[in-house]
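Report on the following structure.
The values are calculated or read from the model by the stated rules, or taken from the named source; none is laboratory data. Because the structure is predicted, anything quoted here is derived from the model rather than measured. Methodologically, a virtual Cβ is constructed for each residue, glycine included, from the backbone with ideal geometry; neighbour enumeration extends over all protein chains shown. The area values use the complete protein model at the heavy-atom level, side chains included, leaving out ligands, DNA and RNA. Shrake-Rupley method; radii C 1.70, N 1.55, O 1.52, S 1.80 Å.
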Amino acid sequence: MGMVSGVSAAEVTDTQGNAGDNTNDGSYTYSDRMGFLFELKEERIIKTVDLYGPSEGKPVEVVHWDRNTETLGSTVARDSSTGDKAQFDVIVEPGDYAIVQDQNTQSAYDTATVSSGGYDDDQYINFLGFTGGGSWKTQDDGYMRAGFAITTEENPNQSPEFNSTSVSSDPPLIGENVSYGAEVYEPDGSIQYTNLTLKHGGSTVVSDEKRTGTTPSWDDIYKPDSGDKWLNATLEAVDDQAAVTTKELDKYLLDDAPQVSIQDPGNTTYFKYRPSLLFDVSDSDSRPGEDWNCDVEKDGGLYEEVYLKEGTNSSYSGTLSSDLGSHNLTVSCSDGSGNTGSASENYRIDSFEVQNLQADSPVYEAHTETFESDFKAGSMVNNVTAFLYWDGSQESSENVGIGNSITTTYSDQDFEIPLVSSNQTSKNWKYKFQVNYDDFQASTTSSKNISSSSQSQEVYWSYWIKDSYPEESKIIEGETAFHQVEVGNKSSKANLDGELNFSRYSSNNESLTVPDKSTSNYIFFEGEAYSGEVFSNSRTDDLNTSIEISFDEYSREISSQDQITTHKIQIDKCGTHSTEVLKFKIYNERDRSELLNTTMKMAFEIWKDPSQKRVFNTSSEGKKTHKLCIAPSWAEYTVDSGDKLIQYQDVNENYRLRSHFLLEKPINNDTETIELYDVKAIESDRIAFQTVDENGEELPETIIRIERYFPENDKSLTVAMVRTGSEGRSETFLETNEIYYGFKFYRKDESGSYQLVQEEPDQIISQDLLSFTIGESERISYYEFKQGISYSCQYNVTQVRCSYSTEQPIDYMELQVSEEKAIQYKEVCSNKASTASGEVICKGLNATDSSFKYAFKAITDAGNTITLETGTSGDKDPSFGTTGLILSFFLFVTLGFAGFSGPRPIPEVSVALTTLAVVVSYSLGFLGITYQAAATWVMLGAVTVWKMRRSGGGAGI
């Protein structure tokens, strides 16, 4: 049976008495369901719904029912639990029907049952039968029974609401009708009426109630007749439950003075006697269409009366005649209520005004700068003369025509900035103007002088010493101290003249020069001073530079001072000084891996600049390396022994004494090793040299560099040097026999320096005098000459054949063949050919039993001999080697002691016999000595015997 908890019987009526019973004849099956349709007569809130009976505890839902279309609407609420009682908070309004049902996924309701069940508007609760999944079970008597209980609570009444309100006109105007309107909304009932209460200045003037629903209106309800008061409207809306909502509409009715706005003249300066007069009057109060009476006053006196009307004519324009000077304008306007508004402006009438001054800053001296003045001249001005003043002095002027119209123009005047005493000097400049103008009455003219404000302009130097420095901050005695000065240059108009003072010569000033490396931005000055001799290790001097700058009638001086240190030339054997520059090492010429223990004696000149030379001389004894050190360590010197001498020899004097010459050799802290060579006395011969000119005259002071060719290394090394004496002669000791030497010749040039003047190609030398002609004609080198000749030499046991072809100018080609004899080689053939190509042959040789050597030479048209090829042929070997030495020694001892045998020894005989032993050993080839050596031995023997005989040292024979 349906029950409603907390709801009166009047709200829910069960007309059948047992609404939950279905008296159908039991045709409902197990799958049939049951629900309840209900209506609440008053608005209530459903809190809980409980379906009870043969329920399987399915969730409960409340679904809207549309009784017009007899269809189910949307689900209002659902409790997803499966308990017996579902919790809700659903508002069901009066006239809103709903179904309380057991929820199931299938919800196909049998709406026909609603009609067949006799449902009509008088029933408030009825049942619905519907098909679907089984939730309700039939009973034994064929009935399906269920009950429901609904718990509700009251829903409070909601007050009316104003959706909108209106006032017309807004704001209300004095003397015009005002209307009001509203749109009212009632959420849960109906509007009973809406009331308007209107008060003007606190007094109620209207109270009117409208029962016209939700859109009441009050048209032209009231016409206010005075201002400066409030017009207050109160709207009240009342619903069917007597709920009241109030809306206030308050408007203030203003009756105020008019506002005056002066557009012209403004607070400014006018450059005419009759500026425009323009003003506007406005009113923002609640009284429309007012009349305004306006008084125009100038400088405290009435100038003009003007009548205006609001909304019709609210502005005025005219002219305001005014003389030069400052003026005041006041406009006062009154309305019909006696309210007055006013406005005032100050203005000025002028004939001339400086508006702008323009010039660059900073600027550079000796530059042309433009100074601009912008000014405004009134319509009364005839002409203006502008004067430029710079640093207090008038520099230029310009006359500017105006033509009696308001003119904004300018005067540009150029001025060359003079020299200034200090950099970044501030100078003042300005313009002065003479203005000629017509008076106010236009019958006379006047003039006045006007000065602009002073402007500041910074002037920078166009010439300044950017940098000054000695080219080298430290120099060596004898050098020239070069001083460079970089002068910043921003102008080419000034004249610059500079000089350099070297403190060592306080009274001697040297002029500065301007080299080509000057640029548009900098001027380079250079000065130089001779450093002279230094007596201590070093000396510091001042370099003072002064440069005078002249421009127009102005001049100034810029200066700088720098210091330079001059060092003394110092060199020793690395005792006091430690910076090694030269190392001398003397090697065995034959075995160049053997370093000799030698003594060196040297004297040479040393300098940095040839104007200041020092002589260094020393002896270094018993050393394998002879070292020289300099100071200061960074110095670069030149050493030269061309007029001095360097000599060296081994300490045991088994080697020859040789000479070496350093020819203007540069030295520095990059140590250089000089390798020299010496030859054993027994392995060398005395070689004499002579140098003559093209006329055969002796050439003294010629240095000859002797270079020996070492084929195993394919290079030539300097093994000795000599310097010719007054007769153009000199000598040294060299090793001969199939050894090639080249020669280089050095002579002094006009400056006194030794220069290479000639080279002689490699050649074999003998003990004969070597004479060289040193000429001025251009000479071709040995190798260049040799490359111009193609040749080939072949030999067999009977002949030597050399073929050739030459592009070089020659006198003739010569083939020389010499046969080796017991004492020396003997020339056996010398054939020549003078054609450009051909062959030279030497025949009739017997190379089976003899040895031959040949030399193929080219004799140039200048008389020089170029040896192209040398060689040997034949098998004879006359050298007995060690056996020859032993036999020679045995023969020497035997014959030597033979002179002392017998009862009376005869020394002269012993000497003669030993000399004979040397001759015999040489002739037989036992001794491998030269012919000259053998001859020398014979001569010594003969002289010895002669001396012994004269002294009576022995018995007569």
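Please work out the average accessible area per residue across the stretch 222-335, using the 1.4 Å probe convention, and give it in Å². Intermediate results must be reported in sequence, preceding the final value.
Working: 5360 Å² over 114 residues.
That works out to 47 Å² for each residue.
Name the shape class, rounded, prolate or oblate, that the alpha-carbon gyration tensor gives for the stretch 513-657, where a ≥ b ≥ c are the square roots of its eigenvalues, rounded holds for a/c under 1.5, and otherwise prolate holds if a/b is larger than b/c and oblate otherwise. Walk me through the numbers before you get to the answer.
Numbers: a/c = 4.05, a/b = 3.29, b/c = 1.23.
Prolate, since a/c reaches 1.5 and a/b exceeds b/c.
Considering the dipole of the stretch 784-873 built from charges on the beta carbon (Lys and Arg +1, Asp and Glu -1) around the Cα centre, which of T798, Q816, A836 is farthest to its positive end?
T798
With a/c under 1.5 counting as rounded, go ahead and sort the stretch 259-349 into rounded, prolate or oblate using the C-alpha gyration tensor (a ≥ b ≥ c being the square roots of the eigenvalues; past the cut-off, prolate if a/b is larger than b/c, else oblate).
Values: a/c = 2.51, a/b = 2.26, b/c = 1.11.
It is prolate, given that a/c is not under 1.5 and a/b is the larger ratio.
Add +1 for every Lys or Arg and -1 for every Asp or Glu among the other residues with Cβ under 14 Å from the Cβ of C842, and state the total.
Working: positive: R801, K826, K832, K843, K853, K857; negative: E814, E819, E827, E839, E869.
Once all neighbours under 14 Å are counted, the net charge is +1.
When we measure straight from the Cα of K466, which lysines land under 28 angstrom away, once same-chain ones fewer than 8 places off are left out?
K427, K474, K490, K493, K517
Evaluate the charge dipole of the stretch 259-349 about its Cα centre and quote only its size in Debye, nearest 20, assuming +1 on the Cβ of each Lys and Arg and -1 on the Cβ of each Asp and Glu.
Values: 6 positive and 15 negative charges, 82 e Å.
Rounded to the nearest 20 debye, it is 400 debye.
For the stretch 208-347, what % of the accessible area comes from carbon and sulfur atoms, probe 1.4 Å?
Values: 2760 of 6930 Å².
Carbon and sulfur together cover 40 percent of it.
Taking the solvent-accessible surface of protein heavy atoms with a 1.4 Å probe, what is the per residue accessible area of the stretch 463-567 in Å²?
Averaged over the residues of the stretch 463-567, the accessible area is 51 Å².
Under the rule of at least 5 residues apart or a separate chain, name every residue whose amide H is placed under 5 Å from the amide H of L500.
Correct list: E510, S511, L512.
How would the stretch 352-460 be classified by its alpha-carbon gyration tensor: rounded, prolate or oblate, with rounded meaning a/c under 1.5 and the a/b versus b/c comparison settling the rest?
Values: a/c = 3.07, a/b = 2.79, b/c = 1.10.
Note, shape of the stretch 352-460 comes out prolate.
How big is the dipole moment of the stretch 463-567 about its Cα centre under a simple scheme where the beta carbon of each Lys and Arg is +1, that of each Asp and Glu is -1, and everything else is neutral? Debye, nearest 20, please. Can you show the working numbers first?
On the way: 8 positive and 20 negative charges, 57 e Å.
For the stretch 463-567, the charge dipole is close to 280 debye.
Tell me, what HN-Hα J-couplings in whole Hz come from the Karplus equation 6.51 cos²θ - 1.76 cosθ + 1.60 at θ = phi - 60° for each residue of the stretch 798-804, using x for Gly and Pro?
10, 7, 10, 10, 10, 9, 7
Starting from the stretch 560-609, pick out the GluC sites (Glu not before Pro) whose DSSP state is loop and whose Cβ has at most 15 other Cβ atoms within 10 Å. Each step should come with its number before you reach the end.
Working: sites: E580, E589, E594, E605; in loops: E589, E594.
Here the GluC sites (Glu not before Pro) that fit, given the DSSP loop and packing criteria, are E594.
Quick query: amide H of R592 versus all other amide H atoms, modeled in the peptide plane; which residues come in under 5 Å with a sequence gap of 5 or more or a different chain?
Those lying under 5 Å, H to H, from R592: there are none.
Report for the stretch 571-773 the percent antiparallel among DSSP-assigned beta bridges with both residues inside it, nearest 5. Could the numbers behind the result be given before it?
Numbers: 62 of 73 bridges.
The antiparallel proportion sits near 85 percent.
For K210, list long-range residues whose amide hydrogen, built 1.01 Å from N in the peptide plane, is under 5 Å from its own amide hydrogen.
For K210, the qualifying residues are T194, N195, L196.
Got a sec? Charge dipole of the stretch 571-773, +1 on Cβ for Lys and Arg, -1 for Asp and Glu; which of N617, I703, V757 is way out at the positive end?
Checked the options; the winner is N617.
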